[in-house]
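S.K.: Okay, handing you the structure first.
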Amino acid sequence: MAALNPDPAFWAGKRVLLTGHTGFKGAWLSLWLARLGARVSGFALAPETRPNLFEAIDFPSERSRIGDIRDLAALADAMAASQPDIVIHMAAQALVRPSYADPVGTFAVNAMGTVHLLEAVRGAPSVRAVVVVTSDKAYENREWPYAYRETEAMGGRDPYSASKGCAELVTSAYRASFFGAGGHPARIASARAGNVIGGGDWSADRLIPDIVRAFWAGQSVEIRAPHAIRPWQHVLEPLAGYLRLAECLAGADGNAFAEGWNLGPADEDCRPVADLVERLARGWGDGAGWHLSQRTHPHEATYLKVDASKARARLGWDRRLTLDTALDWTATWYRAAASGADPRALAAAEIARYEALGQPGDRAGVRAGVQAGVQA
(Lines give C-alpha, C1' and ligand atoms only; values in the text may rest on other atoms or scores of the structure.)
Protein backbone atom coordinates (compact mmCIF):
# COMPACT_ATOMS: atom_id res chain seq x y z
CA MET A 1 0.00 0.00 0.00
CA ALA A 2 1.53 3.30 -1.11
CA ALA A 3 1.91 6.25 1.27
CA LEU A 4 -1.02 8.65 1.24
CA ASN A 5 -0.82 12.40 0.77
CA PRO A 6 -3.02 14.58 2.99
CA ASP A 7 -6.49 14.81 1.46
CA PRO A 8 -7.30 18.37 0.27
CA ALA A 9 -10.99 17.45 0.08
CA PHE A 10 -10.92 16.70 3.81
CA TRP A 11 -8.98 19.79 4.87
CA ALA A 12 -10.66 22.41 2.67
CA GLY A 13 -12.55 24.75 4.98
CA LYS A 14 -11.71 22.82 8.14
CA ARG A 15 -11.13 24.98 11.22
CA VAL A 16 -7.86 23.89 12.84
CA LEU A 17 -6.38 25.07 16.12
CA LEU A 18 -2.63 24.51 16.19
CA THR A 19 -0.81 25.05 19.46
CA GLY A 20 2.89 25.77 19.06
CA HIS A 21 2.34 27.40 15.66
CA THR A 22 5.25 29.79 16.16
CA GLY A 23 7.81 26.99 16.47
CA PHE A 24 9.83 25.22 13.81
CA LYS A 25 7.44 22.33 13.20
CA GLY A 26 4.41 24.53 13.84
CA ALA A 27 5.39 27.01 11.14
CA TRP A 28 5.88 24.23 8.59
CA LEU A 29 2.54 22.63 9.52
CA SER A 30 0.58 25.89 9.43
CA LEU A 31 1.91 26.59 5.94
CA TRP A 32 0.96 23.09 4.77
CA LEU A 33 -2.52 23.35 6.28
CA ALA A 34 -3.08 26.67 4.52
CA ARG A 35 -1.99 25.06 1.25
CA LEU A 36 -4.62 22.35 1.84
CA GLY A 37 -7.33 24.98 2.30
CA ALA A 38 -7.75 24.77 6.08
CA ARG A 39 -8.55 27.81 8.22
CA VAL A 40 -5.74 27.72 10.80
CA SER A 41 -5.71 29.47 14.16
CA GLY A 42 -2.69 29.37 16.45
CA PHE A 43 -1.89 29.59 20.16
CA ALA A 44 1.74 29.75 21.29
CA LEU A 45 4.50 31.78 22.87
CA ALA A 46 6.22 34.37 20.73
CA PRO A 47 9.12 33.02 18.65
CA GLU A 48 12.27 32.62 20.72
CA THR A 49 14.91 33.14 18.03
CA ARG A 50 15.80 35.56 15.28
CA PRO A 51 15.59 34.57 12.51
CA ASN A 52 12.63 32.18 12.67
CA LEU A 53 10.42 30.56 10.08
CA PHE A 54 7.14 31.68 11.64
CA GLU A 55 7.72 35.36 10.94
CA ALA A 56 8.55 34.54 7.31
CA ILE A 57 5.40 32.59 6.45
CA ASP A 58 2.88 35.44 6.85
CA PHE A 59 0.57 33.70 9.33
CA PRO A 60 -2.70 35.71 9.55
CA SER A 61 -2.22 37.99 12.56
CA GLU A 62 -5.93 38.00 13.44
CA ARG A 63 -5.83 34.22 13.96
CA SER A 64 -2.54 34.09 15.89
CA ARG A 65 -2.77 34.32 19.66
CA ILE A 66 0.41 34.73 21.65
CA GLY A 67 -0.17 32.97 24.94
CA ASP A 68 1.13 30.40 27.40
CA ILE A 69 -0.20 26.83 27.42
CA ARG A 70 0.06 26.99 31.22
CA ASP A 71 -2.74 29.60 31.20
CA LEU A 72 -5.91 27.51 31.01
CA ALA A 73 -8.25 30.51 30.79
CA ALA A 74 -6.35 32.02 27.85
CA LEU A 75 -6.23 28.68 26.05
CA ALA A 76 -9.94 28.04 26.61
CA ASP A 77 -10.69 31.50 25.26
CA ALA A 78 -8.64 30.79 22.12
CA MET A 79 -10.47 27.48 21.71
CA ALA A 80 -13.87 29.17 22.05
CA ALA A 81 -12.92 31.91 19.59
CA SER A 82 -11.65 29.53 16.89
CA GLN A 83 -14.34 26.82 17.28
CA PRO A 84 -12.03 24.24 15.70
CA ASP A 85 -12.98 20.99 14.04
CA ILE A 86 -9.44 19.65 14.51
CA VAL A 87 -6.88 20.39 17.24
CA ILE A 88 -3.18 19.58 16.82
CA HIS A 89 -1.26 20.13 20.05
CA MET A 90 2.43 20.88 19.49
CA ALA A 91 3.20 23.54 22.12
CA ALA A 92 6.01 22.22 24.31
CA GLN A 93 9.32 22.69 26.04
CA ALA A 94 11.03 20.56 23.42
CA LEU A 95 14.63 20.02 24.56
CA VAL A 96 16.37 17.66 26.95
CA ARG A 97 19.17 19.83 28.31
CA PRO A 98 17.01 22.88 29.19
CA SER A 99 14.77 20.50 31.14
CA TYR A 100 17.61 19.96 33.62
CA ALA A 101 17.85 23.73 34.15
CA ASP A 102 14.08 24.16 34.55
CA PRO A 103 12.39 20.88 35.48
CA VAL A 104 9.39 22.63 37.05
CA GLY A 105 8.72 24.65 33.91
CA THR A 106 9.22 21.60 31.70
CA PHE A 107 6.65 19.52 33.59
CA ALA A 108 4.29 22.48 33.77
CA VAL A 109 4.38 23.00 30.00
CA ASN A 110 4.51 19.41 28.79
CA ALA A 111 2.36 17.61 31.36
CA MET A 112 -0.01 20.26 32.75
CA GLY A 113 -0.08 21.99 29.36
CA THR A 114 -1.56 18.79 27.94
CA VAL A 115 -4.10 18.73 30.79
CA HIS A 116 -5.06 22.30 29.94
CA LEU A 117 -5.36 21.51 26.24
CA LEU A 118 -7.71 18.58 26.84
CA GLU A 119 -9.72 20.55 29.41
CA ALA A 120 -10.18 23.30 26.82
CA VAL A 121 -11.29 20.69 24.27
CA ARG A 122 -13.89 19.39 26.73
CA GLY A 123 -15.46 22.85 26.64
CA ALA A 124 -15.44 23.03 22.82
CA PRO A 125 -18.28 20.95 21.32
CA SER A 126 -17.07 21.67 17.75
CA VAL A 127 -13.92 19.53 18.10
CA ARG A 128 -13.99 16.13 16.40
CA ALA A 129 -10.32 15.09 16.45
CA VAL A 130 -7.28 15.88 18.59
CA VAL A 131 -3.67 14.90 17.83
CA VAL A 132 -1.41 15.31 20.87
CA VAL A 133 2.20 15.45 19.73
CA THR A 134 4.59 13.98 22.30
CA SER A 135 8.01 12.48 21.56
CA ASP A 136 9.95 9.31 20.82
CA LYS A 137 11.66 10.01 24.15
CA ALA A 138 8.41 9.31 26.04
CA TYR A 139 9.36 5.63 26.28
CA GLU A 140 11.20 4.20 29.25
CA ASN A 141 14.62 3.98 27.62
CA ARG A 142 16.37 0.71 28.33
CA GLU A 143 19.39 1.47 26.15
CA TRP A 144 18.66 -1.47 23.89
CA PRO A 145 19.30 -1.48 20.12
CA TYR A 146 15.71 -2.45 19.29
CA ALA A 147 12.98 -0.07 18.19
CA TYR A 148 10.25 0.73 20.72
CA ARG A 149 6.68 -0.23 19.86
CA GLU A 150 3.55 1.55 21.00
CA THR A 151 2.95 -1.11 23.67
CA GLU A 152 6.21 -0.32 25.51
CA ALA A 153 6.09 1.44 28.89
CA MET A 154 6.25 5.19 29.16
CA GLY A 155 9.09 6.61 31.24
CA GLY A 156 12.05 8.95 31.14
CA ARG A 157 15.21 9.45 33.14
CA ASP A 158 15.59 13.16 32.36
CA PRO A 159 12.84 15.74 33.08
CA TYR A 160 12.04 16.30 29.40
CA SER A 161 11.55 12.62 28.58
CA ALA A 162 9.58 12.02 31.77
CA SER A 163 7.36 15.03 31.05
CA LYS A 164 6.54 13.61 27.62
CA GLY A 165 5.77 10.24 29.19
CA CYS A 166 3.44 12.12 31.55
CA ALA A 167 1.77 13.79 28.56
CA GLU A 168 1.07 10.34 27.15
CA LEU A 169 -0.44 9.17 30.43
CA VAL A 170 -2.54 12.34 30.64
CA THR A 171 -3.81 11.78 27.10
CA SER A 172 -4.70 8.16 27.82
CA ALA A 173 -6.50 9.03 31.07
CA TYR A 174 -8.53 11.85 29.51
CA ARG A 175 -9.44 9.70 26.51
CA ALA A 176 -10.75 6.95 28.79
CA SER A 177 -12.48 9.26 31.25
CA PHE A 178 -14.05 12.05 29.23
CA PHE A 179 -14.16 11.21 25.50
CA GLY A 180 -16.26 8.65 23.64
CA ALA A 181 -18.80 6.24 25.17
CA GLY A 182 -21.27 8.99 25.92
CA GLY A 183 -18.70 11.70 26.66
CA HIS A 184 -17.31 14.38 24.38
CA PRO A 185 -17.43 13.12 20.77
CA ALA A 186 -13.85 14.06 19.89
CA ARG A 187 -11.40 11.22 19.21
CA ILE A 188 -8.00 11.67 20.89
CA ALA A 189 -4.68 10.21 19.70
CA SER A 190 -1.02 10.81 20.48
CA ALA A 191 1.91 10.81 18.05
CA ARG A 192 5.52 10.00 18.97
CA ALA A 193 7.85 11.22 16.23
CA GLY A 194 11.56 10.75 15.74
CA ASN A 195 14.27 13.42 15.73
CA VAL A 196 13.27 16.03 13.16
CA ILE A 197 15.58 17.92 10.80
CA GLY A 198 14.88 20.44 8.06
CA GLY A 199 15.34 23.98 6.89
CA GLY A 200 14.10 26.89 8.97
CA ASP A 201 15.11 25.59 12.41
CA TRP A 202 17.14 28.21 14.27
CA SER A 203 16.57 26.88 17.79
CA ALA A 204 19.36 26.93 20.32
CA ASP A 205 20.88 23.62 21.46
CA ARG A 206 19.68 21.58 18.46
CA LEU A 207 22.06 19.65 16.26
CA ILE A 208 21.30 20.97 12.77
CA PRO A 209 21.03 24.67 13.75
CA ASP A 210 24.25 24.34 15.79
CA ILE A 211 26.00 22.80 12.77
CA VAL A 212 24.74 25.44 10.36
CA ARG A 213 25.72 28.33 12.65
CA ALA A 214 29.22 26.91 13.14
CA PHE A 215 29.81 26.13 9.47
CA TRP A 216 28.64 29.56 8.34
CA ALA A 217 31.03 31.13 10.84
CA GLY A 218 33.86 28.97 9.52
CA GLN A 219 34.13 27.16 12.85
CA SER A 220 34.33 23.54 13.91
CA VAL A 221 31.06 22.50 15.56
CA GLU A 222 31.20 21.16 19.12
CA ILE A 223 29.49 17.75 19.45
CA ARG A 224 28.46 16.29 22.84
CA ALA A 225 27.59 12.68 22.01
CA PRO A 226 28.87 11.59 18.58
CA HIS A 227 27.90 7.95 19.16
CA ALA A 228 24.28 8.60 20.21
CA ILE A 229 21.84 6.92 17.80
CA ARG A 230 18.62 8.72 16.92
CA PRO A 231 15.68 8.10 14.53
CA TRP A 232 16.34 11.02 12.17
CA GLN A 233 13.63 12.20 9.77
CA HIS A 234 12.80 15.24 7.66
CA VAL A 235 10.28 17.60 9.25
CA LEU A 236 7.63 16.87 6.60
CA GLU A 237 7.57 13.16 7.45
CA PRO A 238 5.94 13.38 10.90
CA LEU A 239 3.79 16.34 9.80
CA ALA A 240 2.32 14.15 7.07
CA GLY A 241 1.64 11.59 9.78
CA TYR A 242 -0.15 14.10 12.02
CA LEU A 243 -2.37 15.14 9.12
CA ARG A 244 -3.21 11.54 8.18
CA LEU A 245 -3.91 10.67 11.80
CA ALA A 246 -6.29 13.64 12.16
CA GLU A 247 -8.12 12.59 8.98
CA CYS A 248 -8.53 9.05 10.30
CA LEU A 249 -9.70 10.22 13.73
CA ALA A 250 -12.37 12.40 12.13
CA GLY A 251 -13.61 9.59 9.86
CA ALA A 252 -16.37 7.06 10.36
CA ASP A 253 -13.91 4.56 11.88
CA GLY A 254 -12.26 7.22 14.05
CA ASN A 255 -12.49 5.34 17.35
CA ALA A 256 -10.12 2.69 15.97
CA PHE A 257 -7.39 5.34 15.69
CA ALA A 258 -7.79 6.86 19.17
CA GLU A 259 -4.51 5.53 20.61
CA GLY A 260 -0.76 6.14 20.51
CA TRP A 261 1.24 6.09 17.24
CA ASN A 262 4.93 6.01 16.35
CA LEU A 263 6.14 7.99 13.34
CA GLY A 264 9.76 7.14 12.68
CA PRO A 265 12.20 6.35 9.89
CA ALA A 266 13.47 3.05 8.52
CA ASP A 267 16.02 1.28 10.70
CA GLU A 268 18.89 2.15 8.35
CA ASP A 269 18.25 5.85 8.96
CA CYS A 270 18.71 5.51 12.73
CA ARG A 271 22.33 6.61 12.73
CA PRO A 272 24.91 8.06 15.15
CA VAL A 273 25.20 11.82 15.51
CA ALA A 274 28.72 11.70 14.05
CA ASP A 275 27.37 10.28 10.77
CA LEU A 276 25.11 13.31 10.29
CA VAL A 277 27.81 15.81 11.13
CA GLU A 278 30.38 14.21 8.82
CA ARG A 279 27.83 13.90 6.00
CA LEU A 280 26.93 17.60 6.26
CA ALA A 281 30.57 18.63 6.60
CA ARG A 282 31.49 16.79 3.37
CA GLY A 283 28.64 18.45 1.52
CA TRP A 284 29.45 21.86 2.95
CA GLY A 285 33.15 21.82 2.11
CA ASP A 286 35.30 24.83 3.00
CA GLY A 287 37.07 22.84 5.72
CA ALA A 288 33.89 22.26 7.77
CA GLY A 289 34.34 19.81 10.62
CA TRP A 290 33.57 18.95 14.20
CA HIS A 291 35.26 18.30 17.51
CA LEU A 292 34.28 16.44 20.66
CA SER A 293 33.07 18.60 23.53
CA GLN A 294 35.36 18.51 26.57
CA ARG A 295 32.73 19.93 28.89
CA THR A 296 30.60 17.93 31.33
CA HIS A 297 27.03 17.41 30.16
CA PRO A 298 23.92 15.93 31.81
CA HIS A 299 22.76 12.45 30.89
CA GLU A 300 21.14 11.81 27.52
CA ALA A 301 20.11 8.42 26.15
CA THR A 302 22.51 6.68 23.75
CA TYR A 303 20.14 4.39 21.81
CA LEU A 304 16.72 5.46 20.61
CA LYS A 305 14.59 4.00 17.80
CA VAL A 306 10.84 3.72 17.27
CA ASP A 307 8.95 1.11 15.26
CA ALA A 308 6.43 2.70 12.88
CA SER A 309 5.02 -0.56 11.53
CA LYS A 310 1.54 0.20 12.86
CA ALA A 311 1.41 3.60 11.13
CA ARG A 312 2.52 2.06 7.85
CA ALA A 313 -0.08 -0.72 8.04
CA ARG A 314 -3.07 1.21 9.35
CA LEU A 315 -2.60 4.91 8.56
CA GLY A 316 -1.16 4.52 5.09
CA TRP A 317 1.82 6.59 6.25
CA ASP A 318 5.47 5.89 5.49
CA ARG A 319 8.71 7.81 5.21
CA ARG A 320 9.42 9.10 1.71
CA LEU A 321 12.92 10.52 2.14
CA THR A 322 16.04 8.59 3.01
CA LEU A 323 18.23 10.29 5.58
CA ASP A 324 20.77 11.23 2.90
CA THR A 325 18.02 12.91 0.86
CA ALA A 326 16.66 14.66 3.95
CA LEU A 327 20.14 16.02 4.70
CA ASP A 328 20.50 17.21 1.09
CA TRP A 329 17.17 19.02 1.25
CA THR A 330 18.10 20.57 4.59
CA ALA A 331 21.52 21.82 3.51
CA THR A 332 20.12 23.19 0.25
CA TRP A 333 17.37 25.03 2.15
CA TYR A 334 19.82 26.77 4.50
CA ARG A 335 22.19 27.72 1.70
CA ALA A 336 19.36 29.19 -0.37
CA ALA A 337 17.96 31.13 2.60
CA ALA A 338 21.43 32.49 3.42
CA SER A 339 21.74 33.64 -0.20
CA GLY A 340 18.59 35.73 0.11
CA ALA A 341 15.84 33.36 -1.03
CA ASP A 342 12.41 33.85 0.55
CA PRO A 343 12.03 31.28 3.38
CA ARG A 344 8.28 31.02 2.80
CA ALA A 345 8.76 30.29 -0.88
CA LEU A 346 11.45 27.73 -0.07
CA ALA A 347 9.17 25.95 2.40
CA ALA A 348 6.18 26.01 0.03
CA ALA A 349 8.27 24.58 -2.79
CA GLU A 350 9.59 21.84 -0.53
CA ILE A 351 6.06 20.87 0.55
CA ALA A 352 5.02 20.64 -3.11
CA ARG A 353 8.10 18.56 -3.88
CA TYR A 354 7.34 16.24 -0.98
CA GLU A 355 3.73 15.80 -2.08
CA ALA A 356 4.93 14.93 -5.58
CA LEU A 357 6.83 11.97 -4.10
CA GLY A 358 3.64 10.55 -2.65
CA GLN A 359 1.22 8.23 -4.37
CA PRO A 360 -2.55 8.28 -4.49
CA GLY A 361 -2.43 5.31 -2.15
CA ASP A 362 -5.10 2.77 -1.35
CA ARG A 363 -7.64 4.22 1.05
CA ALA A 364 -9.62 0.99 0.88
CA GLY A 365 -6.45 -0.75 2.05
CA VAL A 366 -6.22 1.63 4.99
CA ARG A 367 -9.81 0.83 5.93
CA ALA A 368 -8.96 -2.88 5.75
CA GLY A 369 -6.01 -2.21 8.03
CA VAL A 370 -8.34 -0.48 10.48
CA GLN A 371 -10.65 -3.49 10.58
CA ALA A 372 -7.69 -5.83 11.02
CA GLY A 373 -6.52 -3.72 13.94
CA VAL A 374 -9.97 -3.75 15.51
CA GLN A 375 -10.33 -7.50 15.14
CA ALA A 376 -6.88 -8.12 16.57
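S.K.: For the range 209-244 and the range 57-119, what is the centre-to-centre distance using only Cα atoms, to the nearest Å?
M.R.: Distance between centres, Cα-based: 24 Å.
S.K.: Turning to a different aspect of this structure: How large, in Å, is the range 210-356 by the Kirkwood hydrodynamic radius built from its alpha-carbon pairs?
M.R.: Mean inverse Cα-Cα distance, inverted, gives 17.4 Å.
S.K.: Right, another one. Name the residues whose placed amide hydrogens come within less than 5 Å of the amide hydrogen of residue 148, ignoring near sequence neighbours (fewer than 5 apart) on the same chain.
M.R.: HN-HN under 5 Å from residue 148: 305, 306, 307.
S.K.: If you don't mind, there's one more thing I want to ask. Looking only at the range 207-224, which residues have a backbone nitrogen under 20 Å from a spot 7 Å from the Cα of residue 341 in the C-beta direction?
M.R.: Under cut-off, by backbone N: 208-217.
S.K.: While we're on this one: On full extension of the chain, what length is gained from residue 332 through residue 146, given 0.36 nm per residue of separation minus the C-alpha to C-alpha distance?
M.R.: 63.7 nm
S.K.: Moving to a separate point now. Would any residue of the range 284-328 have its amide N under 18 Å from a label point 7 Å out along Cα→Cβ of residue 220? List them or say none.
M.R.: In the range 284-328, the label zone of residue 220 (backbone N under 18 Å from the point 7 Å along Cα→Cβ) covers 284-296.
S.K.: Additional query: If you build the Cα gyration tensor of the range 41-119 and take the root of 5 times each eigenvalue, what three semi-axes come out, in whole angstrom, biggest first?
M.R.: Taking √(5λ) for each eigenvalue gives 22, 18, 9 Å, largest first.
S.K.: Per residue, how much accessible area does the range 82-238 have with a 1.4 Å probe, in Å²?
M.R.: 36
S.K.: How big is D, in µm² s⁻¹, for the chain by Stokes-Einstein at 37 °C and 0.692 mPa s if Rh is the Kirkwood radius over C-alpha pairs?
M.R.: Estimated diffusion coefficient is 158 µm²/s.
S.K.: With all protein chains present, how much of the accessible area of the range 73-181 (probe radius 1.4 Å) comes from carbon and sulfur, to the nearest whole percent?
M.R.: 57
S.K.: Then there is this: Could you list the square roots of 5 times each eigenvalue of the Cα gyration tensor of the range 174-261, that is, the equivalent ellipsoid semi-axes, sorted largest first and rounded to whole Å?
M.R.: Taking √(5λ) for each Cα gyration eigenvalue gives 39, 13, 11 Å.
S.K.: How far is it, in nm, from the label point at residue 49 to the one at residue 153 when both lie 7 Å from their Cα along the line to the Cβ?
M.R.: Going by the 7 Å Cα→Cβ label model, 3.5 nm.
S.K.: Considering only C-alpha atoms, what is the centroid distance from the range 255-305 to the range 177-199, in Å?
M.R.: 25
S.K.: Full-extension gain between residue 352 and residue 203, please, as 0.36 nm times their residue separation minus the C-alpha to C-alpha distance.
M.R.: Full extension from residue 352 to residue 203 adds 51.2 nm.
S.K.: Now for a different question. Name the residues whose placed amide hydrogens come within less than 5 Å of the amide hydrogen of residue 15, ignoring near sequence neighbours (fewer than 5 apart) on the same chain.
M.R.: Residues meeting the criterion, in which the H sits 1.01 Å from N, are 39, 85, 86.
S.K.: Would you please give the residues with an amide H less than 5 Å from that of residue 260, counting only those at least 5 places away or on a separate chain, with H modeled from the backbone geometry?
M.R.: For residue 260, whose amide H was placed from the backbone, the distant partners under 5 Å are 190.
S.K.: Quick one: net charge around residue 246, please, counting Lys, Arg +1 and Asp, Glu -1 for every other residue with C-beta under 10 Å from its C-beta.
M.R.: +2
S.K.: With θ taken as phi - 60° and the coefficients 6.51, -1.76 and 1.60, list the Karplus ³J(HN,Hα) couplings across the range 56-73 in order, rounded to whole Hz; mark glycine and proline as x.
M.R.: Result, rounded to whole Hz: 8, 9, 6, 5, x, 4, 6, 10, 10, 10, 8, x, 10, 4, 7, 9, 4, 5.
S.K.: Separate question: Could you tally up the Lys pairs in the chain with alpha carbons closer than 22 Å? Skip any pair fewer than 8 positions apart unless they're on separate chains.
M.R.: Going through the chain pair by pair, I get 9.
S.K.: So for the chain: antiparallel DSSP bridges make up what percent, rounded to the nearest 5?
M.R.: Here the antiparallel bridges make up roughly 10 percent for the chain.
The values are calculated or read from the model by the stated rules, or taken from the named source; none is laboratory data. Computed from a predicted model, the values in this text were never measured in an experiment. Please note: Cβ atoms are built from the backbone with ideal geometry, for glycine as well, and neighbour counts cover all protein chains shown. For the accessible areas, the whole protein counts, side chains as well, though only heavy atoms, and no ligand, DNA or RNA atoms are used. Shrake-Rupley method; radii C 1.70, N 1.55, O 1.52, S 1.80 Å.
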